[in-house]
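K.L.:
Next up is a structure, given as structure tokens.
The values are calculated or read from the model by the stated rules, or taken from the named source; none is laboratory data. What you see is a predicted model, and the numbers here were worked out from it, not measured in a lab. Using ideal geometry, Cβ is built from the backbone for each residue, glycine included, and neighbour counts are taken over all protein chains shown.
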Amino acid sequence: MSERRATEIGLEYLREECFYVQTHSVIFKAMMALTNTKQPIDLYTVGNELKAMEELDNIGGIYFLSQLTGKIASTAHTEAWVKIILEKYIQRELIRISSEIIQDSYDPSANVFDLMNDAESKLFSITNNFIKKNYQKISEGLVGVVNRILEMQNQKSEISGLYTGFRALDNITNGWQKTDLIILAARPGLGKTAFALNLARNTATHKIKPTPVAFFSLEMSTGQLIERLLSAESGIRLEQIKKGRLTENEMQRLNTKGIMPLSEAPIYIDDTSALNIFELRSKAKKLVANHNVGLIIIDYLQIMSGGGENRTFNREQEISKISRELKSLAKELDIPIIALSQLNRNTEGRSKDGVSKRPMLSDLRESGAIEQDADMVVLLYRDDYYGIENNELGENIKGLVEANIAKHRNGELGTLKLRAMLDIQRFEDWDEQNIHSFNSYNDTPNQGETIIKASSKMKPLDDETPF
């Protein structure tokens with residue numbers, strides 16, 4: 001109430017509930033009300049607002065207000081005082097939340113996982129609401145941008161982000177960019193998971209810029225994912241690997257071209273089936289801190305749950321919450337996150353020609369918020385998925401995948417062509433074979449190699465996390 005600058009600092013960081021003394025909380029509430037109506041804040045305006053709120057007498061009248069302002073000789077240390085108030089409030093909140101957790105934990109009928117979700121949600125709300133990053137002057141931000149440009153000039157990498165392993169995709173996206181939320185959407189059975197595994201493998205083992213990848217699979221087990229990776233890497237049909245019907249040469253090939261390369265790949269797989277957004281946040285932070293993970297892939301969005309606090313929401317609201325949290329997590333961790341998503345059945349109800357069955361942004365399942373929160377949306381489509389194996393010119397297009405970048409917040413849009421060989425779970429650029437250093441199935445295996453076990457790097461995270 002003594003100086004405008006002090007008011008601005010207080011209103012930026014504090015809320016009425018931050019004050020322990022109820023009288024102070026009411027006064028601050030009056031100040032916030034004045035700010036919302038763009039009125040000045042001083043002893044008289046606050047007094048009038050309290051009178052209008054019928055609280056002036058309750059706080060001790062105008063005399064009490066004048067005493068408050070009279071106690072402060074200078075506002076030079078306002079920021080330090082605000083920090084003290086905020087710290088004390090956070091301490092009280094931690095005590096309150098801890099007491100609630102202890103009390104709830106004594107209830108024998110309580111679901112322990114719901115308790116964990118609620119506890120993490122409450123703790124996260126404190127961090128999200130009160131521990132904020134301050135603004136930055138543009139001159140300070142320019143230093144970081146210029147340094148990044150100079151670093152790009154001096155390094156061998158041709159793109160600014162993480163390599164996708166697909167030349168056409170890298171040309172449009174310039175690689176996966178930090179803080180981006182990328183939605184990869186397609187109809188069930190079209191090859192989303194296989195494509196995502198190819199992306200994980202390409203990024204983790206790239207020769208120029210190898211980057212550790214975390215793959216959260218809510219649908220498939222770790223073993224099933226590794227079988228698909230082995231098939232793509234070795235060129236041996238997935239069906240043969242699943243059944244274990246391999247010749248001696250194929251076993252050697254599986255070892256030299258599949259197991260050995262993948263055993264060194266920095267890919268971390270979590271196959272928790274009932275993962276919620278709070279568990280994901282906790283695990284992701286640990287992976288980034290402990291293993292320097294630079295890309296997270298989630299398969300898939302609609303299977304996730306929002307946690308305990310969303311139980312009263314409908315499914316669309318819950319998905320909206322999850323997509324917002326994923327975008328927030330990408331910014332917080334400063335890494336790209338790829339989330340797979342289902343498309344609704346609108347495409348199936350259209351006419352049979354390929355043009356009308358191609359997916360659109362509006363086909364994203366369950367929530368328009370996914371489109372809103374995403375920095376990039378990639379829609380996958382295959383003609384042969386609908387039994388179309390030849391185009392209008394009579395050319396064979398079996399295996400042709402169209403990856404339509406339908407939204408790109410920081411770049412261009414476009415449709416690129418990929419080749420899907422789903423029998424071996426492999427994707428390539430359409431116009432060139434084997435450009436990603438994949439091994440041809442006709443290579444002669446090294447007869448001197450022996451079969452080894454996969455590295456501990458490729459394993460579920462259950463033994464590394466409490467979830």
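Residue-wise test of (1) in a helix (DSSP H, G or I); (2) in contact with a Pro (Cβ under 8 Å, 6 or more places away or on another chain); (3) at pLDDT below 85.
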| position | (1), (2), (3) |
| --- | --- |
| LYS133 | no, no, yes |
| GLN136 | no, no, yes |
| LEU169 | yes, no, no |
| THR179 | no, yes, no |
| LEU197 | yes, no, no |
| ALA200 | yes, no, no |
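K.L.:
Go through ILE269, ILE236, ILE298, ILE259 for me and flag whichever is touching a residue at least 24 places away in the same chain (Cβ under 8 Å), β-branched (Val, Ile, Thr) and in a helix (DSSP H, G or I).
P.N.:
ILE259
K.L.:
Could you check how many residues of region 45-61 are touching a helix residue (DSSP H, G or I) at 6+ places or on another chain (Cβ under 6 Å) and of a type in the set (D, E, K, R)?
P.N.:
2
K.L.:
Quick one: in region 35-76, of everything that is assigned to a loop (DSSP other than H, G, I, E, B) and touching a residue at least 40 places away in the same chain (Cβ under 8 Å), which residue is surrounded by the most Cβ atoms within 10 Å (Cβ to Cβ)? Explain how you work it out, then say what you get.
P.N.:
First, the residues of region 35-76 that are assigned to a loop (DSSP other than H, G, I, E, B): 37-42, 53-55, 60, 71-76.
With the extra rule that they be touching a residue at least 40 places away in the same chain (Cβ under 8 Å), the set shrinks to 41-42, 72, 75.
Working: ILE41: 22, ASP42: 16, ILE72: 14, THR75: 17.
Within region 35-76, the match that is surrounded by the most Cβ atoms within 10 Å (Cβ to Cβ) is ILE41.
K.L.:
Mind checking which residues of region 7-32 are assigned to a helix (DSSP H, G or I) and either outside the structural domain of ILE62 (by TED's automatic domain parsing) or of a type in the set (Ser, Thr, Tyr) (or both)? Explain how you work it out, then say what you get.
P.N.:
Start the filter on region 7-32 by keeping residues that are assigned to a helix (DSSP H, G or I), which leaves 7-13, 16-18, 22-32.
The answer is THR7, TYR13, THR23, SER25.
K.L.:
Then there's this: Scan GLU16, GLU93, GLU54 and give me the residue that is within 42 Å of the chain's Cα centre (by Cα), at pLDDT 85 or above and among the acidic types (Asp, Glu).
P.N.:
Answer to the selection: GLU93.
K.L.:
Any residue at all in region 176-194 that's over 30 Å from ARG345 (Cβ atoms) and out of contact with any helix residue (DSSP H, G or I) (no Cβ under 9 Å at 6 or more places or on another chain)?
P.N.:
Yes - at least one qualifying residue is present in region 176-194.
K.L.:
So in region 206-219, with the set limited to residues that are assigned to a loop (DSSP other than H, G, I, E, B) and in contact with a helix residue (DSSP H, G or I) (Cβ under 7 Å, 6 or more places away or on another chain), which one is modelled with the lowest pLDDT?
P.N.:
Restricting to residues being assigned to a loop (DSSP other than H, G, I, E, B) and in contact with a helix residue (DSSP H, G or I) (Cβ under 7 Å, 6 or more places away or on another chain), the top hit is GLU219.
K.L.:
Right, here's the next one. Within region 248-306, can you find the residues that are farther than 21 Å from LEU181 by Cβ and in contact with a His (Cβ under 8 Å, 6 or more places away or on another chain)?
P.N.:
Residue satisfying the conditions is PRO266 alone.
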